[in-house]
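Enquirer: Attaching a single structure in C-alpha cells format; questions to follow.
The values are calculated or read from the model by the stated rules, or taken from the named source; none is laboratory data. None of these values were measured; they are calculated from a predicted model. We place every Cβ from the backbone using ideal geometry, glycine too, and count neighbours over all the protein chains shown.
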Amino acid sequence: MKRLLLSIPVLIGVSILVFSIVRFIPGDPARAIAGVHASPQHIEQVRRELLLDEGLHVQYYVYMSNLFQGDLGQSTFSRRPVATELRERFPNTVRLSVAAMVVATAVGMTAGIISATRRYSIFDYSSMVGALIGVAAPVFWLGVMFQLLFAVQLGWLPSGGMGTFRHLILPALTLGLATAALIARITRSSMLDVLRQDYITTARSKGLIERVVTYKHALKNALIPVVTVMGLQFGTLLGGAVLVETVFSWPGIGRLMVDSILARDYPVVQGAVLLLAVTFVLINLLVDVIYAFLDPRISYGTREVE
Amino acid sequence: MEYLLQVRDLKTNFYTDSAVVHAVDGVSFDVRPGEVVGLVGESGCGKSVVSLSIMRLIQYPPGKIEGGNVLFKGRDLLKLSEGEMRRIRGNEIAMIFQEPMTSLNPVYRIGDQIGEAIRLHQGVDGPASWKKAVEMLKLVGIPRSEEVVRDYPHQLSGGMRQRAMIAMALSCYPSLLIADEPTTALDVTIQAQILELMRDLRQKINMAIIFITHDLGVIAEMADHVVVMYAGKVVEDAGVGVLFTEPLHPYTVGLIKSKPKVEDEKGVLDFIPGVVPNPLEMPAGCYFNPRCAHAMDICLQEMPPVVEVKPGHRVRCRLFNKDKGEAR
Ligand SMILES: Nc1ncnc2c1ncn2[C@@H]1O[C@H](COP(=O)(O)OP(=O)(O)OP(=O)(O)O)[C@@H](O)[C@H]1O
Ligand SMILES: [Mg+2]
C-alpha cells in the first residue's frame with residue numbers, strides 16, 4: 001500500500017518530464033507539435049489547443065486533465081489519436097518483453113542454480129563465461145548476428161516482422177539474453193550465499209535429500225535478490241525493446257517511438273515515453289507484491305531491520 | 001549395548017587454496033546411551049567439524065573426512081550409503097546449533113520446519129505432522145503453541161527460537177543429540193532455562209547428548225563425561241567429577257583455572273599464555289608446547305601418545321607417560 005502511494009510522485013515526475021519534452025525544445029513548440037509541414041493555420045490551432053500563450057501551470061493542468069480522459073493528443077504524422085496508436089502497438093511490446101523475460105528467467109535461473117550447486121564444474125565455468133559475454137554483448141549487435149546466422153545463413157527463422165510464433169523467437173532471444181546472463185550471475189551468487197547459511201545445514205541435518213534442500217530451502221531465499229534484479233532489469237528490457245524492435249521490424253512501442261522521433265511526431269513520442277514509464281512503475285509494484293510473498297519478514301512495503 | 005557412539009581416529013581435512021588444514025586430526029571418544037558428553041576447547045579447535053563429521057555434513061569442497069570410524073549402534077556411519085545416512089540424520093541423530101537466529105529458515109513457518117522431519121521419517125501426512133509439531137512445541141515449553149506453529153522465525157525471540165530448534169531436533173526422538181553451543185548466543189536467564197529444558201527432555205526420552213561449548217561452567221552443570229580438544233586433537237577425557245578435581249593435561253588445568261571468565265574479548269585465556277596456533281603453522285611435536293610451562297625436549301619433537309592413567313581417564317601428555325622422564 002505504501003509503495004502504491006509512493007509511486008504517485010514518481011508518476012507525477014514522469015508526467016512533468018514528458019510535458020516538458022515538447023515545451024522546452026528549442027524553437028516554437030507549436031510548430032514542433034503540429035509537424036514540419038503544417039500550414040500556418042494549423043500551427044495557430046495547435047497553439048490555441050495547447051494554450052501555449054497561457055502560463056505553464058495552466059498548460060500543465062490542461063495537459064493532465066486531458067491525460068486523465070485518455071486524450072494524449074493527435075499524431076502529426078498519421079493524424080490519428082495517439083492513444084489509438086499506442087493501443088495498437090503496446091500488446092506487441094508486451095508480448096515481446098514477456099517472451100524475453102520468460103527466456104531470461106528460464107535460462108538464467110537454471111544456469112545459475114546448476115552453477116551454484118556444481119560449483120567449479122565445467123558447467124559452472126562455461127555458463128559463467130557465457131554470462132559474461134551475454135552481459136557484455138550489445139543488444140543491437142547480438143540482434144544483427146542472430147539475423148545473419150539463423151535467418152540469412154541457415155534460413156531457419158524469419159529475419160523480421162511479426163506473425164507466427166517463429167517470428168517471435170529471434171527477437172525474444174536477442175532481448176532476453178543479456179537479462180538471462182545477469183539473472184544467471186545473480187542467481188549463482190545468491191544461491192552460493194544461501195547455501196552457506198546455517199539453516200541449510202539444519203535442513204540437511206534433518207535428513208532431507210539434496211534436491212529438497214536446494215529447491216525448497218535454498219531457492220526461495222535466494223530468489224529475493226533475483227526478483228529485485230528482475231524488476232530493475234525490466235526497465236532495461238523495455239529500453240532494449242526499442243533496439244530489438246527496430247532490428248527485427250517488430251511493430252511495438254519501441255519501433256513506434258523510433259519512427260516518431262525520426263518523423264518529429266512529438267505527441268506520439270510523449271505518449272510512448274509516458275506509457276513505458278507507467279509500465280515500469282507498475283512492474284515495480286508487482287515486484288513488491290512478489291517480494292512480500294517470498295519473504296514473510298516484509299510486510300506493507302517495510303523491510304524489518306535486523 | 002555398551003556404547004551408542006564410538007568415534008575412532010576421526011580425521012577431517014579442509015583443502016584451501018594455500019594448504020591442507022587438519023581440522024580434526026585423529027579424534028576418538030565414546031558416548032554411552034543416555035550419557036551427556038561435553039566437548040570443550042578454545043575457538044577453532046575443531047569441535048564443530050567433529051560434530052558435522054559425525055553427521056557426514058562436511059561439504060566437499062573444501063572439506064573431506066579422510067579417515068577413522070564413526071560407529072553408531074555398531075554400524076560405521078562413514079561406510080553407509082548417502083540414502084542410509086539420510087535415514088539416520090534427523091531421525092536417530094539430530095543437531096541443534098549456536099545461532100537460533102540463523103539456523104531456522106526465515107521463509108517457512110515454524111510448524112512446517114518442525115513437521116518436515118516428522119513427515120520424512122515417520123511417514124505421516126501434512127495435517128498429522130502439523131499436530132505433532134504443536135505437541136513438540138508444548139513439550140519444549142512454548143506457550144500458545146497452536147499460534148506459534150504458524151509463526152515465522154522472525155516473530156519469535158531468541159530463546160523461543162532455540163526452543164523451536166530443540167522441538168525440531170527432538171521431533172523424531174533421536175537417541176543422540178548433538179548440541180553445538182546451543183546456549184552461547186542467549187542471555188544468561190534464557191541460557192539457564194534452555195539447559196534446564198535439555199536436562200529434562202534428555203530424561204524423558206532417554207537420549208544421549210554431545211554437548212559442545214567452551215563454557216566450562218555449563219559443562220560442569222550438564223555433562224557426565226568431558227572430552228577436551230586442542231588444535232584438532234583430544235588432549236584429555238575423563239568423567240566430569242574427575243576432570244574438575246584432578247585435571248592432568250596442562251591445557252585442561254589452565255582452562256579450569258580460567259573459569260569462570262573463560263575468555264576475554266580477544267579469546268585469550270587468563271591462565272594460558274599465548275594463543276591457539278595457526279592451523280597452517282602447527283608447531284613440531286606436541287601442538288601445545290609453545291604455551292606449556294612444563295614442555296620438555298621431547299615435547300618439541302614428538303607428538304605424545306594417549307595414555308590411560310586410570311580407567312576412563314585418558315591424557316595426551318608426556319608428564320604422565322611413566323617411562324618417559326620427569327617434568328622439569
Ligand atoms: N569451511 C572451512 N574451510 C576451511 N577451513 C575450515 C572450514 N571449516 C572449518 N575449518 C577449519 O577447521 C578448524 C576448526 O573449526 P571449527 O569450526 O570446528 O572450530 P570450533 O572448535 O567449532 O570453534 P568455535 O568454538 O569457534 O565454534 C578451524 O580452525 C578452521 O581452520
Ligand atoms: Mg564451532
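Enquirer: Could you tell me whether any residue of the stretch A:69-85 is more than 29 Å from A:T246 (Cβ to Cβ) and out of contact with any helix residue (DSSP H, G or I) (no Cβ under 8 Å at 6 or more places or on another chain)?
Expert: Yes.
Enquirer: Please find, among B:V235, B:V218, the residue that is more than 24 Å from B:F320 (Cα to Cα), within 16 Å of ligand 1 (Cβ to nearest atom) and either of a type outside the set (K, R) or more than 13 Å from the chain's Cα centre (by Cα) (or both).
Expert: B:V218
Enquirer: Out of (1) touching a Leu at 6+ places or on another chain (Cβ under 9 Å); (2) hydrophobic (A, V, I, L, M, F, W, C); (3) within 16 Å of ligand 2 (Cβ to nearest atom), the odd one out for B:M198 is which?
Expert: Of the numbered conditions (1) touching a Leu at 6+ places or on another chain (Cβ under 9 Å); (2) hydrophobic (A, V, I, L, M, F, W, C); (3) within 16 Å of ligand 2 (Cβ to nearest atom), the odd one out for B:M198 is (3).
Enquirer: Which ones in the stretch B:219-251 are touching a Phe, Trp or Tyr at 6+ places or on another chain (Cβ under 9 Å) and free of Cβ contacts under 8 Å to residues at least 40 places away in the same chain?
Expert: Hit for the stretch B:219-251 is B:A220, nothing else.
Enquirer: Let me ask you something else. Scan (1) under 27 Å from B:D215 (Cα atoms); (2) within 14 Å of chain A (Cβ to nearest Cβ); (3) hydroxyl-bearing (S, T, Y); (4) more than 16 Å from ligand 2 (Cβ to nearest atom) for the single condition B:S48 breaks and write down its number.
Expert: All conditions pass for B:S48, except number (4).
Enquirer: Please specify each residue of the stretch B:1-41 satisfying the condition of being surrounded by fewer than 16 Cβ atoms within 10 Å (Cβ to Cβ) and farther than 25 Å from B:L243 by Cα.
Expert: B:M1, B:Y15, B:T16, B:D17, B:S18, B:A19, B:V20
Enquirer: Filter the stretch B:25-45 for residues that are under 14 Å from B:I178 (Cβ atoms) and either near ligand 1 (Cβ under 8 Å from one of its atoms) or among the acidic types (D, E) (or both) and give the result.
Expert: Selection gives B:E35 alone.
Enquirer: Restricting attention to the stretch B:100-118, which residues are at the interface with chain A (Cβ under 10 Å from one of its Cβ atoms), in contact with a helix residue (DSSP H, G or I) (Cβ under 7 Å, 6 or more places away or on another chain) and assigned to a helix (DSSP H, G or I)?
Expert: B:Q113, B:I114, B:A117, B:I118
Enquirer: So how many residues does the stretch B:201-215 have that are part of a helix (DSSP H, G or I) and within 16 Å of ligand 2 (Cβ to nearest atom)? Steps first, answer last, please.
Expert: From the stretch B:201-215, those part of a helix (DSSP H, G or I) are B:201-205; that's our starting set.
Narrowing further to those that are within 16 Å of ligand 2 (Cβ to nearest atom): none.
Number satisfying all stated conditions: 0.
Enquirer: Right, something else. Residues to consider are A:L142, A:L195, A:L170, A:L223; find the one that is in contact with a helix residue (DSSP H, G or I) (Cβ under 6 Å, 6 or more places away or on another chain) and either closer than 22 Å to B:Y60 by Cβ or acidic (D, E) (or both).
Expert: Checking each option against the conditions leaves just A:L195.
Enquirer: Moving on. Of the residues B:Y60, B:Y3, which is more than 16 Å from ligand 2 (Cβ to nearest atom) and either within 12 Å of another protein chain (Cβ to nearest Cβ) or among the charged types (D, E, K, R) (or both)?
Expert: Working: B:Y3 fails: either within 12 Å of another protein chain (Cβ to nearest Cβ) or among the charged types (D, E, K, R) (or both).
Among B:Y60, B:Y3, only B:Y60 is more than 16 Å from ligand 2 (Cβ to nearest atom) and either within 12 Å of another protein chain (Cβ to nearest Cβ) or among the charged types (D, E, K, R) (or both).
Enquirer: Report yes if some residue within the stretch A:220-231 is at pLDDT below 85 and either in contact with an Asp or Glu (Cβ under 9 Å, 6 or more places away or on another chain) or at positive phi (or both); otherwise report no.
Expert: Yes, that holds for at least one residue.
Enquirer: Being within 29 Å of B:P304 (Cα to Cα) and away from ligand 2 (no atom under 16 Å from the Cβ) is the requirement here; does B:V24 meet it?
Expert: Taking the combined requirement at face value, the residue does not satisfy it.
Enquirer: Right, A:T201: farther than 28 Å from A:A178 by Cα and either within 14 Å of chain B (Cβ to nearest Cβ) or in contact with a Ser or Thr (Cβ under 9 Å, 6 or more places away or on another chain) (or both) or not? Full working, then the answer.
Expert: Details: farther than 28 Å from A:A178 by Cα: yes; either within 14 Å of chain B (Cβ to nearest Cβ) or in contact with a Ser or Thr (Cβ under 9 Å, 6 or more places away or on another chain) (or both): yes.
Against the criterion (farther than 28 Å from A:A178 by Cα and either within 14 Å of chain B (Cβ to nearest Cβ) or in contact with a Ser or Thr (Cβ under 9 Å, 6 or more places away or on another chain) (or both)), A:T201 qualifies.
Enquirer: Do you know which residues across the stretch A:53-77 are touching a residue at least 24 places away in the same chain (Cβ under 8 Å) and either in a loop (DSSP other than H, G, I, E, B) or of a type in the set (D, E) (or both)?
Expert: Those that are touching a residue at least 24 places away in the same chain (Cβ under 8 Å) and either in a loop (DSSP other than H, G, I, E, B) or of a type in the set (D, E) (or both): A:L72, A:G73, A:S75, A:T76, A:F77.
Enquirer: Another one. Only residues that are under 16 Å from B:H249 (Cβ atoms) and assigned to a loop (DSSP other than H, G, I, E, B): list them for the stretch B:303-321, please.
Expert: Let us first name the residues in the stretch B:303-321 that are under 16 Å from B:H249 (Cβ atoms), namely B:303-310, B:312-321.
B:M303, B:P304, B:P305, B:V306, B:G312, B:R316, B:C317, B:N321 - these are the residues of the stretch B:303-321 that are under 16 Å from B:H249 (Cβ atoms) and assigned to a loop (DSSP other than H, G, I, E, B).
Enquirer: Does B:S43 qualify as being outside any strand (DSSP E or B), more than 10 Å from chain A (Cβ to nearest Cβ) and out of contact with any strand residue (DSSP E or B) (no Cβ under 7 Å at 6 or more places or on another chain)?
Expert: Taking the combined requirement at face value, the residue satisfies it.
Enquirer: Right, another one. Cβ contacts < 9 Å: first residue farther than 18 Å from A:T187 by Cα, restricted to the stretch A:131-144; second residue modelled with pLDDT of 80 or more and not in a helix (DSSP H, G or I), any location; separation 6+ or different chain. Result?
Expert: Qualifying pairs under 9 Å: A:G143/A:F248.
Enquirer: Give the number of residues within the stretch A:37-51 that are surrounded by fewer than 17 Cβ atoms within 10 Å (Cβ to Cβ), within 14 Å of A:P267 (Cβ to Cβ) and modelled with pLDDT under 75.
Expert: Final tally of qualifying residues: 1.
Enquirer: On to the next question. If you take the residues in the stretch B:79-94 that are in contact with a Ser or Thr (Cβ under 9 Å, 6 or more places away or on another chain) and farther than 20 Å from B:N69 by Cβ, which one is farthest from the other protein chains (Cβ to nearest Cβ)?
Expert: Applying the first criterion (in contact with a Ser or Thr (Cβ under 9 Å, 6 or more places away or on another chain)) to the stretch B:79-94 yields B:89-90, B:92-94.
Next, from what is left, pick out any that are farther than 20 Å from B:N69 by Cβ: B:90, B:94.
Values: B:G90: 4, B:A94: 7 Å.
This residue is B:A94.
Enquirer: Out of B:A164, B:A128, report the one residue that is surrounded by fewer than 18 Cβ atoms within 10 Å (Cβ to Cβ), assigned to a helix (DSSP H, G or I), aliphatic (A, V, I, L, M) and at pLDDT 85 or above.
Expert: B:A128
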